[in-house]
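> Okay, here's the structure, questions in a sec.
The values are calculated or read from the model by the stated rules, or taken from the named source; none is laboratory data. Since this is a predicted model, take the numbers as computed values, not measurements. Neighbour counts are summed over all protein chains in view; Cβ atoms, including those assigned to glycine, are modelled from backbone coordinates with ideal geometry. Surface areas here come from the heavy atoms of the whole protein model, side chains and all, with no ligands, DNA or RNA. Shrake-Rupley method; radii C 1.70, N 1.55, O 1.52, S 1.80 Å.
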Amino acid sequence: QVQLVESGGGLVQPGGSLRLSCAASIRILNIIDMGWYRQAPGKQRELVARIITGRSTQYADSVKGRFTISRDNAKNTVYLQMNNLKPEDTAVYYCQIATFLGAYWGQGTQVTVSS
């Protein structure tokens with residue numbers, strides 16, 4: 001059974017940086033895309049960034065120019081580098097790996113941006 005393990009969340013001041021990692025427990029075949037979503041209290045889960053097979057990327061307008069998604073196929077890992085963090089980035093961040101057979105989700109990691 002595939003498990004996605006996220007790490008790298010925490011408390012950071014506005015303007016700071018964090019790097020989230022999401023490692024799959026086994027090699028996943030037939031990946032369509034790998035992405036990061038977030039959910040703030042009282043809000044719906046939203047797409048933050050995703051990297052599509054073929055290496056094209058997509059970002060939410062609110063994070064363009066600040067966040068960068070990348071992947072390491074050899075390590076079955078997807079990353080999210082978050083720079084110039086803002087209080088409105090506070091949320092639980094989830095990674096997702098979508099395949100032709102369905103999607104896998106991580107357990108979520110809390111990111112809090114506060115002074």
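> Considering only segment 76-84, I want to know if a residue exists there that is on the phi < 0 side of the Ramachandran plot, touching a helix residue (DSSP H, G or I) at 6+ places or on another chain (Cβ under 8 Å) and open to solvent by less than 20 Å² (accessible area, probe 1.4 Å).
Within segment 76-84, one or more residues are on the phi < 0 side of the Ramachandran plot, touching a helix residue (DSSP H, G or I) at 6+ places or on another chain (Cβ under 8 Å) and open to solvent by less than 20 Å² (accessible area, probe 1.4 Å).
> Additional query: If you take the residues in segment 25-45 that are over 13 Å from the mean Cα position of the chain (by Cα) and part of a strand (DSSP E or B), which one is surrounded by the most Cβ atoms within 10 Å (Cβ to Cβ)?
Checking each candidate, the answer is Ile31.
> Further question on the same structure: In segment 46-69, which residues are of a type in the set (D, E, K, R), surrounded by 14 or more Cβ atoms within 10 Å (Cβ to Cβ) and part of a loop (DSSP other than H, G, I, E, B)?
Answer for segment 46-69, where residues must be of a type in the set (D, E, K, R), surrounded by 14 or more Cβ atoms within 10 Å (Cβ to Cβ) and part of a loop (DSSP other than H, G, I, E, B): just Arg66.
> Can you find even one residue in segment 104-115 that is without any contact (Cβ under 8 Å) to a residue 60 or more places away in the chain and either out of contact with any Lys or Arg (no Cβ under 8 Å at 6 or more places or on another chain) or open to solvent by 20 Å² or more (accessible area, probe 1.4 Å) (or both)? Give the steps one after another, and end with the answer.
Step one: of segment 104-115, the residues without any contact (Cβ under 8 Å) to a residue 60 or more places away in the chain are none.
So far as segment 104-115 goes, no, none of its residues is without any contact (Cβ under 8 Å) to a residue 60 or more places away in the chain and either out of contact with any Lys or Arg (no Cβ under 8 Å at 6 or more places or on another chain) or open to solvent by 20 Å² or more (accessible area, probe 1.4 Å) (or both).
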